[in-house]
Each structure stands twice: as structure tokens, then as C-alpha cells.
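> Please read through the structure below; I'll follow up with questions.
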Amino acid sequence: MLKRTKLIGHNDLFISLINLYKKNNFPNKIILCGNKGIGKSLFATHFVNYILSQNEKFNYNLENFEINENNKSFLLFKNNSNPNIFYISKKIEKKSIEISQIREMIKFQNRSTFNNNKKFIIIDDINNLNNSSTNALLKSIEEPNNDVFFILIMNTETPVLDTIKSRCIKFNLSLNIDNVKLVVNNYFDEEIYNLISKDFINNYNTPAFLISLIIYLKDNTLDFKSISIEELIYLIIQKKDYKKNQFLSMYITYILQVFFYKKIFLSKNITNKLKNYFYLKLNLIQKYNLDLESYFLEFQEKLLSE
């Protein structure tokens, strides 16, 4: 989602990890932890490119924290064909990272390195591991090869098993509001952040959410400068986009949080009891993979019909 060639807002940690690597003190199992959508996967991409591009043309520009789009390692990674990088994330149509993906990772882990380079395994959003894939991963990271580095990415909002966390060194990432603005403006190549509807501007926004929101609204010929949270949810319900849109499936809980924040703390139109009722119901639906249609029909009837 974010432009992958420019890293914004994580510079100090980035330099710290590079220094550890140069001193041969970089842990071979780390967790990058932070709110969803702040660029943890992007951070991992940049770090790995810095390492692998050192002896290549168009290597990493550390002064500007920027990947050269012509770099061979980066181009191979974009095409999912870099022999020294194995990237895992939950497939869109699946509920979790499956054990078959971990088994493929183990095969990669056991193969010889290409050009004597280090090998990196990036697992994006380890919160999506199921029991089987978690157990298989634990066996792999117990005693990894010295030339293999695991970079696990987790969202602060969702718990991860202690058995995984205890085997890794955790690094926390965050973005302040000024850096969020920079990332959003950089993505669209214009000063767009300050034009976004006030309903969606708060200290908990992440760049990925705002960028995806603007793209979604533009695709639906809606004005991101003036749309309200109520209008957005009404649109989602009418089009049933919660069933088919990847952005909404990722951020529907957050969108509802924005709605309840406005209704409870700003306008005081609804009660905490009603909010808790809809949160609990949504959690149960997501846990058991139930249909959202009846949920949103009730939501519209009770909360959008005023």
C-alpha cells in the first residue's frame, strides 16, 4: 500500500539495527511491533534491501532512506522471486497463515544461500498464524541457521502467543502525527492530508488507513474532503462492500471505532452500552466467520436512521 521506495519516520531505529548488523550483533529472530498501517512491513523491506544491495548496482541510499527502484534485489523481491527473501502473509481468501506456507518457508530455510548472501524470512502479521502454523514456526526458529534471519511483524492491537515472543527480540515502531502527514502526502505527491474530512483526522490514524480510505472514496466518486463517517458506513452497507473490499475487511473495526468516538465523545448521541453491544457482536461474527449482512442491517436501523 505505502510507496515502498521511501522510508519515513522510523529513521533512528533503522540506523540502530544497521549498526547492530555491521557489528555482527543483529539478532537472527526479531519482532517488529506497532499499530497496523504504520509501515512495519515497509521497514523490513528497506532493512533487507540495505543488506542485500550492498554489493549490487543501485544500492540502498542510506542518506535519504530510499530504495533504488532499479536495484536487482528489489526488483526480484517485487516479483516474489528473490532467492534470498521468503515473504509470508495471509492470503486474501484465507482466514489465517496456513501450515503449508510455513512448510514452504522451511524448504527455503534449508536451501543453500544464493551468492553467499544472508537469507531473510519476513512473516507479515504473525497475528494471523493459526495453531498448526504457529507450532511449525516455533520448531523452525528454535535453532535457525546462522545465515538465516527471521523478521516477524505483529500488530499491537492483536495478541501474539508468548511462545513466539519469548524466542525473539522485540522492537517497537511508532509514527507521530507529523510523519503520518508526510507519508500520506508523499504517497499522493501532493499536500492532501490537511484536506481530509475532519471525521477521519485524529491521533490514532495510520498512513495505510488514510491512503486506502482516500483511494476507496475516489473509486466511488466521493469527496474525501467532506464525507462524514455516517455517510461512509451508509455507503458500505448499501454496496455491501464489507463482503468484497480488502481495505474494508482490514479496517472495518477501526471505521466503527471512529463512528463511536464521534457519537459518544463528541456528539453524545448514543451510549457506551450500545457501543459495547455492537463491538461484542462484531467480535463474535469475526471469530466464527459469520455473515455481516444482518449485523449491518441492525447497525443501520439502530444507529443510522436518526
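What follows draws every value from the coordinates through simple rules; no lab data is involved. These numbers come from a predicted model, not from an experiment. With ideal geometry, Cβ positions are generated from the backbone for all residues, glycine too; neighbour counts draw on all protein chains shown.
> Mind putting a number on the dipole of segment 177-303 about its Cα centre? Charges go on the C-beta only, +1 for Lys and Arg and -1 for Asp and Glu, and I need it in Debye to the nearest 20.
The dipole magnitude comes to about 560 debye.
> Something else about it: Rounded to whole Å and sorted largest first, what semi-axes of the equivalent ellipsoid does the C-alpha gyration tensor of segment 11-172 yield via the square root of 5 times each eigenvalue?
Working from the Cα gyration tensor, I get semi-axes of 24, 18, 16 Å.
> Within segment 62-94, which trypsin sites (Lys or Arg not before Pro) sit in a loop by DSSP and count at most 13 neighbouring Cβ atoms inside 10 Å?
On the way: sites: K72, K78, K90, K91, K94; in loops: K90, K91, K94.
Listed in order of number, the matching sites are K91, K94.
> Can you pull the one-decimal nm distance between simple spin-label points at S174 and N130, each 7 Å off the Cα toward Cβ?
According to this spin-label approximation, the distance is 3.6 nm.
> While we're looking at this one, here's another question. Select one label from [x] 52, 45, 36; [y] 87, 53, 38; [z] 65, 43, 29: the one whose number is Cα extents along the principal axes in Å as derived from the coordinates shown.
Recomputing Cα extents along the principal axes in Å here picks out [z].
> Still on this model: Taking N as the number of residues in segment 177-303, what is its Cα Rg relative to 2.2 N^0.38 Å?
1.07
> Please report the base-10 log of the normalised intensity I(q)/I(0) for segment 1-97, using a Debye sum with one equal scatterer per alpha carbon and no solvent, at each q in 0.10, 0.13, 0.20 (1/Å).
-0.28, -0.48, -1.14
> Ok, one more. Divide by every residue of the chain the summed helix terms, -39500 (n - 2.57) for each DSSP H run of at least 4, and state the resulting mean residue ellipticity at 222 nm, rounded to the nearest 500 deg cm²/dmol. Working shown, then result.
Working: 12 runs with 138 residues, N = 306.
So the helix-based figure for the chain works out to -14000 deg cm²/dmol.
> Sticking with this one: Testing the spin-label approximation: label points 7 Å from Cα along Cα→Cβ at K240 and F188. State their distance in nm.
It works out to 3.1 nm between the two label points.
> DSSP beta bridges in the chain, what fraction antiparallel, as a percent rounded to 5?
Of the beta bridges lying entirely in the chain, close to 10 percent run antiparallel.
> Would you mind getting me the FRET efficiency between N220 and Y288? Use the beta-carbon distance for r and R0 = 45 Å, nearest 0.05.
Given R0 = 45 Å and the Cβ-Cβ separation, E is 0.90.
> Dipole magnitude of the chain about its Cα centre, charges +1 at Lys/Arg Cβ and -1 at Asp/Glu Cβ only, in debye to the nearest 20?
So the magnitude is around 700 debye.
> For K181, give me every one of the aspartates and glutamates with a C-alpha distance below 15 angstrom, ignoring sequence neighbours fewer than eight places off in its own chain.
D189, E190, E191
> What is the extension gain from N11 to I106, computed as 0.36 nm multiplied by their sequence separation minus the C-alpha to C-alpha distance, in nm to one decimal?
Stretched fully, the N11-I106 segment lengthens by 31.0 nm.
> Still on this structure, I have one more. When ranked by the protection proxy of mean other Cβ atoms within 10 Å per residue, highest first, what sequence do the peptides 36-43, 103-110 form?
36-43, 103-110
> Then there's this: Give me the dipole magnitude in Debye, nearest 20, for segment 47-102 about the Cα centre, with unit charges on the beta carbon: positive for Lys and Arg, negative for Asp and Glu.
320 debye
> Another question, if that's okay. Of K22/K95; K22/K139; K165/K240, which ones are farther than 31 Å apart at the Cα?
Working: K22/K95 39 Å; K22/K139 28 Å; K165/K240 37 Å.
In this structure, K22/K95; K165/K240 exceed 31 Å between Cα atoms.
> Okay, moving on. So how far, in whole Å, is the C-alpha centre of segment 239-306 from the one of segment 105-139?
Answer, in whole Å: 36.
> Please find the FRET efficiency linking S81 to T163, where r is the Cβ-Cβ separation and R0 is fixed at 41 Å, and quote it to the nearest 0.05.
That pair, S81 with T163, gives E of 0.80.
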